[in-house]
Structures are given as structure tokens and as C-alpha cells.
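The values are calculated or read from the model by the stated rules, or taken from the named source; none is laboratory data. It should be emphasised that the depicted structure is a prediction, and the values quoted were computed from it without experimental measurement. Note that each Cβ is placed from the backbone with ideal geometry, even for glycine, and that neighbours are counted across all protein chains shown. For accessibility, only protein heavy atoms count, side chains too; no ligands or nucleic acids. Shrake-Rupley method; radii C 1.70, N 1.55, O 1.52, S 1.80 Å.
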Amino acid sequence: MKRLILLLFLLCSFGMFSQELALSEHDGTSSHSGNLRPYSERNSSDDVTQLDGLTDKKLARYLEKEGVAEKLIEKANEYFDKMWYAESARIFDIVLEKTEAKHTLPLLSRAGDSHYYIGNLEKSYKWYNEIYRSYENQMEEDTFFKYTQTLKGTGKYRRAAALTKIVRQKRDEPLNELKKIDNNTWKGAYTVKIKNLGINSPYSDFSPMFHNGSDIVYSSAKDSSVLTTRKYRWTNQPFLDLYVSKRKNEEGDLSSPKKFSKNINTKYHEASLAFSPDQKTIYFTRNNYGKRLKRGKNGINHLKIYRSRFVSGAWTKGEELPFNSEDYSTGHPAISKDGTKMYFVSDRPGGFGETDIYMVDIHENGTFSEPQNLGRTINTEAKEMFPYIAENALYFSSNRPLGFGGLDVYKSEGTNGQFSVGINMGQPINSNRDDFSYIIDEKGTQGYFASNRKGGKGDDDIYSFAYTLNSNSISGSVADMVTRQPIPNADVSLIAKDGSALNTLVADSTGNYTFQYLSPTTDYMVVANKEGYGTDSLSVSTKENENVSVEQFLREVKKEKPIVEVFEPKDVLFNFDSFEITPKSARELDKLVTVLKDNKGLSLKIASHTDAIGPKAYNKYLSEKRAKSTKAYLIAQGIDESRIISAIGHGEERLLNDCSDGHPCAPAQHHLNRRSEFILISE
């Protein structure tokens, strides 16, 4: 995705076209020519123009000339320094892919960064991955962070998690936070339906905002003029303007977009806006400029927040707010429901990260208090952006670690500047790309957000969303197979298609149970068991927002009084290709430990098993490892080793079902075979 507000705030490690509103001194300071020449046109004497229109053969011959590669690298670096990343990315690719130039760390870094800043994660991953393979020990922290973002953005979550774990271990940082990336964390009582809107263009469309009941005002880089004469050189897209569109139905579709106001839209960027409660005042983000762009001490054209009022049927010329600065950016305004507070984003000195969210009081006379940082519950070392304030919550986006990738939307409960720690909104609001500028209506059921996820119409797209009550559930009953009488307090487990245990319930006194808030049209396995009975496994598929009813019957197991008896703790199961004791299995093994400690005359045999996936010889080896790890756990809990007579692995020889080689089975059925069994022997 291309990024108009990421340099929005100087530090452009990851974001979107809509994040990069800040411009360098090369981004449009020259006077606008009246000869209709495209604003992005290069000087005809530029050596790079020789690359345009060349066939592969002619390009290859041109690149063979002495000194051409060095000239191209020099020109690409010049474009990079000007923040013309679309141009520099093109030239770096030619040098790296079609010449014999050495793939140095600086060259690869700038090639990866160029693609990263215009949102081409696939290509930036290619160059970052080469850096990791060739220059791992020299890889800077910022480059590594962007590398992990491209891994997640291209669907390589396991690789991203593994590399993050390695780095945290080297830095002696805690690893327990890595578990928070489990997608199931955010499932709940509501499902979310999202829809890509028809107003989206091939360019960047983002930052929707409610206005006058049925209107939506948003930012777009689409070209609505007869002739395009100016483009933003970062991405070679037109500059951003504010547009207004009508909501035409309950699904949130928008129609008839038109430019919002000629007094507000300029030849530079306008984006990220908010309205006062009476809709008579608009606050919006714009480049810092007068007759021409202005720059701070570092040579960067920063962002500022401007205010305009609706007077006599028209919006007044924008005036900048007093807490702006020439030397840092201020943008992304959000107004509280009572109109007394403004929340905004800034990279001003003294913050916690790259960009932080701040708050100011809006006084009755239109003046403002001093900005106040919202603190550590909201802001991190990364970027926090695009705040939106609801009745009792703050929504914002952040590219902090452990998210789904890129910017994710977070929700923090609270009001008046006091907010709890932000909680990731989960899928489908968040994706492995950038998700941001989230707004929600007063009922808390519908709204809009922007994303550059795959499948959109262009760069950043605006999506509508609607929350509906999640009625997807599985209700069942457990009964005796012979008498058909309910079996009270049976244990019932819900197993996912990949074999992972999602939830375990205890049936009530009438044998009934219900698994709520499930995913629609999804395959599950429901496993019921009770001491004194066998186990019943049942495949169940949910429907679309409906309850599915099932019945399960268990056969009673009549026990004699043998000297040798089988003891079966529940769910002493192993993950695929693993011999580690899971926390759930450990709890069951602790029950066995209690039995052994209470009965000193008992000894134990351990038998461990695998599924039939993979070679038999390997499964035999794996089952022996499982037997040893089971034995080691019991010894660690205080069981004398002499009381464990044997710990043997049987591989795939003793399957509990028909899931042998050549017989396709669901993952949950294979999972039942990855187990340890126990035989207690009385002396």
C-alpha cells in the first residue's frame, strides 16, 4: 500500500499511502507549470529516461555498458533521498536483478525500504530476506522489524514468530507475550460482516468520518479533475483531497462522491478529519504550507491540524491550530462526543514511540489547553495513529509487535483521557496488512474502516462493517447407549479441524451442554466421555448463524477387580510431531500423581502412541520420545523412578480408530491417537 501519512510522521517503517502526508523539500516546491506537463515528469536529460520503453534485449545491452550500474545506483539513491520511492524501487530492482552489481547491505536495504514505503510487501520481503540470509549479524533493528512485518504481510506468520522468538531470546526478553497472537482470543458474542465499497478508486481512499447524519466525508487520492497535472512523487499518485458521499442503505453503501469544499481542498494533501458535535466546525490534517511548502529544521515538510467553520452556507479558509509546530507533525484529529476534547497524533519530542496519541481540552472560546500524552496504556515504542473517540472507548491503530501484520485496530475502554490497555479488535477487522481509520456509529453496531488488504479495488480501500449477534452454536446431550438415560456431568470437548482443543465443558445434571459463539459453516469434532463409560466422537458442521443439535451415546464399561487395571487420565494427548507435555495434559497427569502418592502399593506401566501420519519407523521413534517425556514428568512430580516399571513407545501399532495409512481422517481423529496410556499394577 502506498503511504501518504506514514511520512505523515517522518518515521516511515510501516504504514500506508494514507500515512505519508509529509513531504520533503523536493515534493512539489517548484512552481506549477501551465503547459499541462505531468507533475511527476522527469527532466528529459535524465539518464534514467533511457530505460523507458526498452525491450528486454535492448535493456540488457544497455546495462552491459561500463559504469551504467553505478550511475543507476547513484540516481536511485538520489530518488530515495527525495522520498520518490516508486522511482527508486524501480531502479534498484533493475540493478539488483539485471546487472552484476554486488548485492551490498546498503543497496539491499534501500531496495527493500523503497518497496516497503510504497506498500509492495512481496518485493520488500525478497530484499529483506536476502539481507537476513547474507547479513544477519549486521541487520539493524529497524530493518529486522520491517522484515517481520513483510513476513506477516505475505502470510508467513510462523516464520515471523520464530524469528521474533530468536531475537527475544538473544536480548533476554520475555517470550510469554508471543502466545497472545492466537486468533481465537478475539472470538465472542458477535460476528462481523465487512464489505468493500463501490466508491473506492484505484488510488488511496481512507479516513471516513460521519457528517450530518447521512453523509460520510473521507480522504481520497483519486483524480476527479479533467486533466491531471500534479502527482505525489512518493507514490506517483494524485494528492489527497476531502470528498463527501451519501449513505444510501442500511448496509453502509456510499454513492455520489464529490469534493467536499474548494475552500478546504488545496493543491497539496488534505486528509484525516473530525467534526464538532454540531457539525459546524471541521478539523483536518494538511501539509504545512503558505505560498509554498514550509520545512522544519530537519528539512521535512511536517503536518498540521487546521480548523474551518461553516458560515453562511460555506466553509471558511482553514486556520492552523496553536499547538502545531514547524519541527514535528501533528495530525489525525478526533473530537469527543461532547466537543470538549480533541485527540490527535504527533511525533513531537517526549513521546513513548514513533508517533503517540495526545489530548487537549477545547475551551468554550475556541482556545486549547496544553497537549497531554495519553500514556503507556495507549502509546508504545511503535506507532499509534488514527484515533476515534466513541461514548466510552477510544479506537486507534498501531503497528506494535504481536499483531496480525501492519497496522491493527485496537479498542481501549474509558473516557476523558483515562483509558485501559488497548485490545486488538481481531479478524476480520484486522488482516495481515494495514487496517486503520476505524469509526463506529452511536449504536455500536455499524461503521467504516480502511485497509490495503488483498482483494481491494486499489491502494487503501474503505470498508463498511456491521456487527450481528453470533448465534452459531452446537447444543448436545449425552446419554447411556443402552438405557437412553441422561449421563450427568460428562466431559465434552470441542476439537478444531486441525486437531487443537478449543474448549471443554461439563454437561449439566440432565446431560445437556452448549458450545456458543462458534464460527459459521465450520467443521468441528465433539468428543464426550465420562468415567465408567467409553468415548464418543462426533463430526459436526455449524450453519450460518444457527444452533446445531446433536446427540451422543456412551457405552458403560463394566470393570472387574483384576490385579492389573487401566488408568486413563483424560486428554493426555500430544500435538502433531511433538513429544512435549501440554499444560492440559499436565493437569491430567497430576491426577495420576495423586493416585500414585495415595497408593504406595501401586506401580505403573506407560504406553505411548502416535497417529499413522508419516513413516512407521519415525512414528516408533516419536512414540518412544513421548513415553520418556511422560515418565520424566511423573518423576519430576515426586514419583520414584523404581515404581515406573516400563515406558514403551508403540508407534502407530495401536490406533484407536480406522485412521491408518490409506484411510483419510479428520485432523481431530488423528489427534486422538497421539496419546499416552497407563497401566497401574497392584503389588
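List of remarks:
- Charge tally in the Cβ shell below 14 Å around H663, where Lys, Arg are +1 and Asp, Glu are -1, H663 excluded: -4
- Accessible heavy-atom area order of E384, E250, highest first, probe of 1.4 Å: E250, E384
- Cα centroid of segment 320-384 to Cα centroid of segment 509-553, whole Å: 50 Å
- Entries in K165/K454; K248/K341; K123/K165; K457/K543; K584/K631; K123/K497 that, when Cα-Cα distance is taken, lie over 22 Å: K165/K454; K248/K341; K123/K165; K457/K543; K123/K497
- Under the simplified labelling scheme, the D480-K620 pair shows an inter-label distance of 4.5 nm, with each label point 7 Å from Cα along Cα→Cβ.
- Measuring r between the beta carbons of E391 and D253 and using R0 = 41 Å, the FRET efficiency lands at 0.95.
- One Cα centroid belongs to segment 253-287, the other to segment 86-139; the line between them spans 37 Å.
- Label-zone membership for segment 148-164, site K497, 7 angstrom Cα→C-beta point, backbone N under 19 Å: 155-158
- The residues of segment 528-679 present an accessible area of 57 Å² per residue when probed at 1.4 Å with all protein chains retained.
- Here K165 and T340 are evaluated by their C-beta separation; at R0 = 60 Å the FRET efficiency comes out at 0.85.
- Annotation for T468 and T594: the two label points, set 7 Å from Cα along the Cα-Cβ direction, are 4.5 nm apart.
- Counted by Cβ distance under 10 Å from P520, the other residues give a net charge of -1, where Lys and Arg count +1 and Asp and Glu count -1.
- Estimated distance in nm for a label pair at E78 and T514, the labels positioned 7 Å out from Cα along Cα-to-Cβ: 7.1 nm
- Between the beta carbons of K267 and S214, assuming R0 = 41 Å, the FRET efficiency works out to 0.85 to the nearest 0.05.
- Protection-proxy order for peptides 82-91, 525-534, each taking the mean of Cβ atoms within 10 Å per residue, highest first: 82-91, 525-534
- Multiplying the residue separation of I423 and K71 by 0.36 nm and subtracting their alpha-carbon distance yields 121.8 nm.
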